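Before any comments, here is the structure.
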Amino acid sequence: MNEYDSELVRSLLISGGFVLTSDRVRADVILMNTCAIRENAHTKVYTHLSDLRALKRQRPLVVGVLGCMAQNLKEELTNKEPLVDVLAGPDSYRQLPKLIAEAIEAQEQGLRLKGSAVDLSEYETYDDVIPQRRDGVNAWIAVMRGCDNFCSFCVVPYTRGRERSREPEGILAEARLVVAQGFKQITLLGQNVNSYRSGDWDFARLLVAVADVPGIERVRFTSPHPKDFPPALVDAVSSHPKVCKHIHLPAQSGNDRILGLMNRTYSREAYLELVDRIRAVNQDIVLTTDIIAGFCSETDAEFADTYRLLAEVRYHAAFIFKYSERKHTIAARKFADDVPEAVKSERVTALVDLQREISRERNRAYIGSILPVLVEGDAKRSSQQGMGKTDGNITVVWAKACVPGHPGEILNLSIYDSSASTLYATASY
Ligand code: 5AD
Ligand code: SF4
């Protein structure tokens, strides 16, 4: 969602007469789009800010902090951080050209001015702003903004505000535009896509309509909430040839008391029933999840329930996080963050180790098969290797000397080896 928002900001700034550069030494304005979901996201921003301090001492420079951290830490950033000239929360990006122009003018007059726009909106969806996309293969399209779920650990409802859906016409027009621009994949975004509503459109209908846009190869979405996962959505994933056979289904915990404290509004049993329902419809659908370890008052026995959930569901992959208390949240106000840091770390390690073994076994099962792979570009480790994704979102790597392939192409590759995170492929002829 933040990458998508950065594309919106790039578009708004270009319309406002600014010219983009990726060279920070030449930039007159440096903006950081920030995340507030866990403490380490905050820490990163403070590290970048201290890097900019030296640059700003040498010459005029406007520094802006955008996104969730600007929203969440407005007082702290306004009062304590003299480096920051501009603050804009996720619903205030339209004001950026004006705020930046004012900050530049003030600097030219030798004044210090803090420009800040942090009001949340019930309506802003940036529906008319065409994001300035750079990727070339995948186009993110937000279908809704904000969240009304108030999971007790989560800062999103406070930083991104109330839930609001875009109208399907705007989303479909954007989908047709990105296909015309040559994008092969669309990823529909929302904090909880199952809450998508516009007239008599729900998310399953929207997903099918986007997947029906002529010329699109793959459609993905993230993330659904397990509490309201309709059968029509399982059917759309299972049966539409353009909808990727992958569902990211954040569980957060496998223990009912902790799920209750987290305000997730489903039980372990209901979650497992949903997993069974999905797999009964189509056992090839790849399932992944998010887990939080060490939430307030989580006991060893309650943690063991989460460990067993991973062992039972056998996800293809899981993102495992240490609980990180966030300002303003229900958990921060009501519960003590009382699981010691060392215990949180131990629990994360145990889950990561278990998941690594499961992912390794799951990936091994693909050896010998031929899979369609959407080429994304070079592998992280070497420009001699190409990298792409399977329909189930599993990373595939191959030697470019054997399989050239260019970004956006779908190749049928033969899988000959695997690790916990990667499938290794060669040409299938
Ligand atoms: N601490 C740790 N993890 C968190 N997440 C959200 N809030 C927190 C928090 N306070 C995780 C959840 C969510 C993912 C995007 O980030 O697992 O699904
Ligand atoms: Fe946060 Fe819960 Fe909303 Fe996801 S559904 S953004 S975890 S409050």
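Can you list residues from other chains, or at least 5 along the same chain, whose modelled amide H is less than 5 Å from the amide H of Ala117?
Leu87, Ala88, Gly89
List, in order, the whole-Hz ³J(HN,Hα) value for each residue of segment 409-414 obtained from phi through the Karplus relation with A = 6.51, B = -1.76, C = 1.60 and θ = phi - 60°; use x for Gly and Pro.
3J(HN,Hα) across segment 409-414, in whole Hz: 7, 9, 10, 8, 10, 9.
Springs between alpha-carbon atoms under 10 Å, Gaussian network over the chain: tell me which of Cys402, Cys244, Cys151 tops the mean-square fluctuations.
Cys402
Roll a 1.4 Å probe over the protein chains and send me the accessible area per residue for segment 378-428 in Å².
Accessible surface, normalised per residue, equals 50 Å².
Quick one: length gained pulling Glu102 to Tyr123 fully straight, 0.36 nm per residue minus the C-alpha distance?
Taking Glu102 through Tyr123 to full extension adds about 5.0 nm, to one decimal.
Using the Karplus curve 6.51 cos²θ - 1.76 cosθ + 1.60 with θ = phi - 60°, what ³J(HN,Hα) values do you get for each residue of segment 101-111, in whole Hz, with x for Gly and Pro?
4, 5, 5, 5, 4, 4, 4, 4, 8, x, 9
Output the direction-averaged projected area (hull surface divided by four) of the convex hull of the alpha-carbon atoms of segment 367-426, in nm².
Its average projected convex-hull area is 3.5 nm².
Once every DSSP H run of n ≥ 4 in the chain is given -39500 (n - 2.57) and the sum is divided by its residues, what mean residue ellipticity at 222 nm do you get, rounded to the nearest 500 deg cm²/dmol?
So the calculated ellipticity at 222 nm is -11000 deg cm²/dmol.
Between Ala142 and residues 5 or more places away or on another chain, which pairs have amide H atoms under 5 Å apart, with H built 1.01 Å from N, and which residues are they?
Leu189
Over segment 278-409, with every protein chain in place, what whole percent of the accessible area is carbon and sulfur at 1.4 Å, could you tell me?
Taking all protein chains in place, segment 278-409 shows 53 percent carbon and sulfur surface.
Just the Cα atoms of segment 32-82: what Rg and Dmax do they give in Å?
Spelled out, the Cα radius of gyration and Dmax of segment 32-82 are 11.1, 33 Å.
Mind ordering 295-303, 357-365 by average Cβ neighbours within 10 Å, highest first?
295-303, 357-365
Could you give the accessible area per residue of segment 317-357, probe 1.4 Å, as a whole number in Å²?
Ligands and nucleic acids excluded, the result is 55 Å² per residue.
Amide H of Val29 versus every other amide H placed in the peptide plane: which residues, excluding those fewer than 5 positions away on the same chain, fall under 5 Å?
Val62
Give the distance, in whole Å, between the Cα centre of segment 35-60 and the Cα centre of segment 272-342.
Computed from Cα coordinates, the inter-centre distance equals 31 Å.
Among 137-145, 182-190, 10-18, how do they line up by average Cβ neighbours within 10 Å per residue, starting with the highest?
Per-residue mean Cβ counts within 10 Å order the peptides as 137-145, 182-190, 10-18.
What whole number of Å gives the distance from the Cα centroid of segment 355-375 to the Cα centroid of segment 198-250?
Using only Cα atoms, the two centres lie 23 Å from each other.
Considering only Cα-Cα distances, which of the following residue pairs are longer than 29 Å: Lys56/Lys334; Lys184/Lys344; Lys74/Lys184; Lys245/Lys344; Lys44/Lys380?
Exceeds cut-off: Lys56/Lys334; Lys184/Lys344; Lys74/Lys184; Lys245/Lys344.
State the percentage of accessible surface on segment 94-174 attributable to carbon and sulfur atoms; use a 1.4 Å probe and exclude ligands, DNA and RNA.
Values: 1880 of 3780 Å².
Answer for segment 94-174: carbon and sulfur cover 50 percent of the accessible area.
How much of the DSSP bridge set in the chain is antiparallel, in percent, rounded to the nearest 5?
Among the beta bridges of the chain, antiparallel pairing accounts for roughly 40 percent.
Per residue, how much accessible area does segment 57-194 show when a 1.4 Å probe rolls over the protein heavy atoms, in square angstrom? Kindly include the intermediate steps, with their values, before the conclusion.
Values: 5640 Å² over 138 residues.
With all protein chains present, segment 57-194 gives 41 Å² per residue.
What ranking do 285-291, 119-125 get when scored by the average of other Cβ atoms within 10 Å per residue, highest first? Walk me through the numbers on the way to the answer.
On the way: 285-291: 20.0, 119-125: 14.4.
With the highest mean Cβ count within 10 Å placed first, the list reads 285-291, 119-125.
How large is ³J(HN,Hα), in whole Hz, for each residue of segment 166-174 in order, when computed from phi with the Karplus curve 6.51 cos²θ - 1.76 cosθ + 1.60 and θ = phi - 60°, using x for Gly and Pro?
7, 6, x, 4, x, 5, 5, 5, 5
List the pair-distance distribution P(r) of the chain, using every Cα-Cα distance, as the percent of pairs falling in each 20 Å bin from 0 up to the bin containing the longest distance, rounded to whole percents.
Percent of Cα pairs in each bin: 23, 56, 21, 0.
Identify unpaired cysteines across the chain, taking unpaired to mean no other cysteine Cβ lies under 4.7 Å from the residue's Cβ.
For the chain, the answer is Cys35, Cys68, Cys147, Cys244, Cys296, Cys402, because their Cβ atoms have no other cysteine Cβ under 4.7 Å.
The values are calculated or read from the model by the stated rules, or taken from the named source; none is laboratory data. Everything numeric in this text was worked out from a predicted model, so none of it was measured. Here the Cβ is made from the backbone with ideal geometry for all residues, glycine too, and neighbour counts use every protein chain on show. When the accessible area is computed, the model is the full protein with side chains, heavy atoms only, and any ligands, DNA or RNA have been set aside. Shrake-Rupley method; radii C 1.70, N 1.55, O 1.52, S 1.80 Å.
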